[in-house]
Amino acid sequence: MLRENRYILRQANIAFDLALSVAAFLISHLARQGLHDLLPPGWLETASLRNYIWLLPVAPVATILALAWNGVYQDQRMRLGPRGQVRRMAAACFEAMLLLMAVVVLLPPETRTSRSFILILPFTTFALIFGKSLLVHRLLLRIRRRTNNLRRAILVGSGEALERFAGMLAGYPTWGLRVIGVVTDRPELQGVAFPAVASGGMEWAAGGAAAPPAGALTEAQLPILGDLTHAADLLWRTPIDEVILVPGAATLGQLHPLLEVCEEMGVRTHLPLLFFPGRIAHPEMDLFGGIPVLSWWPTRTIGPALVFKYAFDRMAALALLVLALPVSLAAVLAIRLTSRRGEPVFFGQIRCGLNGRLFTCWKLRSMSVGAEERLAELEGRNEQDGPAFKMRDDPRVTAVGRWLRRFSIDEIPQLWNVLRGEMSLVGPRPPLPEEVARYDRWQRRRLSMKPGITCLWQVMGRNTLPFETWMKLDLQYIDNWSLGLDFKILIRTVYAVFSGYGAS
């Protein structure tokens, strides 16, 4: 489906964007000067192009690097669609601005650089690059409507998946793909003769003793060119650029001979994986020892953002352990003074971590010794629905423990779990194994991300929320995770801790 000269087009696209970035630099300067003239005196200082002309070689290069980093120069038209491309362009322009800001901050104070110019620059750059993309899109669409510069393709298969894929292809004429017909894999049509189809000055029809089917068209109004037994003959006699396999009745083993023919003849083949339309998990292509593998990820794949999250977790946990040392020592002393000889200060409990891995979750002891053995006698007083146990006036909680829980001081030792990599600062709370055993299947997905000390439901009500709301908020966090969301939860956690909001 991709143009054979895509490398040349990619390099031309980069060169064009580089030129547009230079133009955006100059236009931003003019816009900044116009803004200076419109605003009241003193709002903006007078700035000459000489003050930041040294940025002229830097800004376009930063923009191109950001565009490349966001995958704009990969052929993403089919993967992302127009909206996905626009989002990536906008993100790249914003990232380039942040990079320029960092450069300016690191410069000596005597270097005069207009901050307002740097703020205007990404908007100008985005407008020019987006406008260029829009014009190129419309130009290609017009050229392909007026010429025969199209790649000829056939669909192999049958059924609803084929009809859906054919309809999708028809909606994107700028891909330059023309489907001339279908090779059916329906068992009842194998060996059936089909009407001859004119194809580039050539005529072809499958042989067979049976009468041709009425109409010989699919539901997508595409002509049926033949069956699997005659597919090789079709490729031999008809100019075909692409073969798209969308099997409805044939197995992958039955398509193996056709794949071999396409490989020998140099015809591109594609296999749309429509057999599992995932609602949550997103597909990713990978290589296992050189073998292409399609993987479905129900959570975010490991990337720069997650690497930063896990690195930040450990650095922040170490810093917080040091900062919280006075409070921790005071809490340890309070527990020791109110406990009997030999009773532990810390409480370790087996919890379920990432994908159900068991680990010991540490806390400062806030309950009396042997509290777990007394759980059965209190089950009737559980105030929380679902498998979790919550009780506002739990008699097992000590007087010191009640104070520790109110301000979440008892959870400080979990920073050690974060430092060990068993937990994260933000993530679904780690459940008990017996709670997990009573989960519904959809609730189990909350274990697909590393557990955390704080989470979304803890800053939205903590123990006042129903159990099912916990689960839904955890899944909402997993599906919408971002560094920004983690930051918001951490900020709201500070308020929840100091106010004691929702604590029991």
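Please find the FRET efficiency linking residue 328 to residue 11, where r is the Cβ-Cβ separation and R0 is fixed at 60 Å, and quote it to the nearest 0.05.
Working: r = 59 Å, r/R0 = 0.98.
Computed FRET efficiency for residue 328 and residue 11: 0.55.
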**Prompt:** Can you list the lysines whose alpha carbon is less than 28 Å from that of residue 363, not counting same-chain residues fewer than 8 positions off?
**Reply:** 309, 390, 450, 472, 488
**Message:** Between residue 375 and residue 346, what's the calculated FRET efficiency when r is the beta-carbon distance and R0 is 25 Å? Round to 0.05.
**Reply:** 0.80
**Item:** Amide H contacts of residue 353 (H built 1.01 Å from N, under 5 Å, at least 5 apart or other chain)
**Value:** 358, 359
**Item:** Spin-label model distance (nm) - residue 284 vs residue 56, 7 Å beyond Cα toward Cβ
**Value:** 4.3 nm
**Asked** Between segment 227-245 and segment 164-178, what's the alpha-carbon centroid distance in Å?
**Response** 19 Å
**Per-pair calculated FRET efficiency, R0 = 41 Å: residue 264 and residue 139 via Cβ, rounded to 0.05** = 0.65
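For residue 295 and residue 403, calculate 0.36 nm times their separation in residues minus their Cα-Cα distance, and state this gained length in nm to one decimal.
That works out to 34.1 nm of additional length.
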**Under 5 Å, built H, 5+ apart or other chain: amide partners of residue 424** = 452, 453
**Request:** Tell me which residues come under 5 Å, amide H to amide H, from residue 156 once H is placed; ignore anything under 5 positions away on its chain.
**Result:** 183, 244, 245, 246
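Rule-based calculations on the coordinates, nothing more; no lab input. Fair warning: this is a prediction, and the values are worked out from it, not measured in the lab. In this analysis, Cβ positions are derived from the backbone assuming ideal geometry, glycine residues included, and neighbour counts consider all displayed protein chains.
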